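What follows is a single structure, written as structure tokens, with notes after it.
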């Protein structure tokens, strides 16, 4: 019997309906009746992985039983930590660095390292950062102004800037993230998005990180519309602070990267300095301006989103979010906040008689 006929016979026996899956009972009987020597701990991991699927089929998602199998079989594995791996290429060493930078648990690091695929690449954070740089360069060349761009009257006329007088143009609650006060703010946000956002996207995927980033951006503009009703808003700080606060809060205890304490201090100093500068520009602008300067409340709103919602997203690495009660509680809370903010923007400005500056 040739090879193709043998493969076809095996497929007919194991997968007669040609679904591409093997049932759990069939798989378990195969691994227990095989003649090849397998480590008992690894065998338990395979069985636990198969049993972890709700549909009774093999799956790449981990389950609690798979976690327990790995935890119980750690001593039987050839190496206890990824740092013992030798002979790795440059890219695999970078993947190992990302695992130790982003994931606080050794079991998660091993899983990510061996399951990592280069496709799809982390395109979201790179695309957002590139768009922000292009927009900044276009306005900088057009206005011939590279610092404190918001002091130029033409800059605030951009259809991307959030302005309280243009609240009906709903896209501005998100598109303001592409505009920046000046080179300093852009450089700070771009650096953090690439240093923290890209590794986070490599580990947790584009859907989770894009949702966390955009949730911080939207929460930032809506919070400004509630707490600082006269102020416009520019910059992606809401999304950046959501990523940074979620990363630091979730991974601080387990981070194994070099100079952890120094990096934490530098990050906090940079973030505090950026917030302080935003507060100074909002209330004590160094130059005369035609209206209020951009608000700083988006920074705080993004940090709150990161600490609350981000922790659930990042702690649930490679696990289903919809099966966790905490995820639905946070999603309901965020949805309630969005609904309240929408009604606030529709009715509160007129009811309170807010004196907003005329839109540019």
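The values are calculated or read from the model by the stated rules, or taken from the named source; none is laboratory data. Model, not experiment: these values are computed from the prediction. Cβ atoms come from the backbone with ideal geometry, glycine included; neighbour counts cover every protein chain shown.
Numbers at a glance
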read-out	value
Failed item, numbered, when residue 138 is tested on (1) in contact with a helix residue (DSSP H, G or I) (Cβ under 6 Å, 6 or more places away or on another chain); (2) surrounded by fewer than 18 Cβ atoms within 10 Å (Cβ to Cβ)	(1)
Scan of the stretch 155-168 for residues that are farther than 17 Å from residue 296 by Cα, outside any helix (DSSP H, G or I) and either touching a helix residue (DSSP H, G or I) at 6+ places or on another chain (Cβ under 6 Å) or not assigned by TED's automatic domain parsing to the domain that holds residue 286 (or both), ordered by number	160, 167
Residues within the stretch 182-208 that are more than 18 Å from the chain's Cα centre (by Cα) and surrounded by 21 or more Cβ atoms within 10 Å (Cβ to Cβ), tallied	2
Unmet requirement for residue 317, which otherwise passes all of (1) farther than 24 Å from residue 226 by Cβ; (2) assigned to a helix (DSSP H, G or I); (3) modelled with pLDDT under 85	(2)
Some residue of the stretch 104-113 being within 19 Å of the chain's Cα centre (by Cα), outside the structural domain of residue 344 (by TED's automatic domain parsing), assigned to a loop (DSSP other than H, G, I, E, B) and surrounded by 13 or more Cβ atoms within 10 Å (Cβ to Cβ)	yes
Neighbours by Cβ (under 7 Å, 6+ apart or cross-chain): first from the stretch 327-347, without any contact (Cβ under 8 Å) to a residue 24 or more places away in the chain; second surrounded by 13 or more Cβ atoms within 10 Å (Cβ to Cβ)	327/312; 327/321; 330/308; 330/309; 330/312
Condition broken by residue 100, with the remaining ones in (1) exposed (fewer than 15 other Cβ atoms within 10 Å of the Cβ); (2) not assigned by TED's automatic domain parsing to the domain that holds residue 204 satisfied	(1)
Residue 279 being more than 20 Å from residue 234 (Cβ to Cβ), exposed (fewer than 15 other Cβ atoms within 10 Å of the Cβ) and either assigned by TED's automatic domain parsing to the domain that holds residue 96 or without any contact (Cβ under 8 Å) to a residue 60 or more places away in the chain (or both)	no
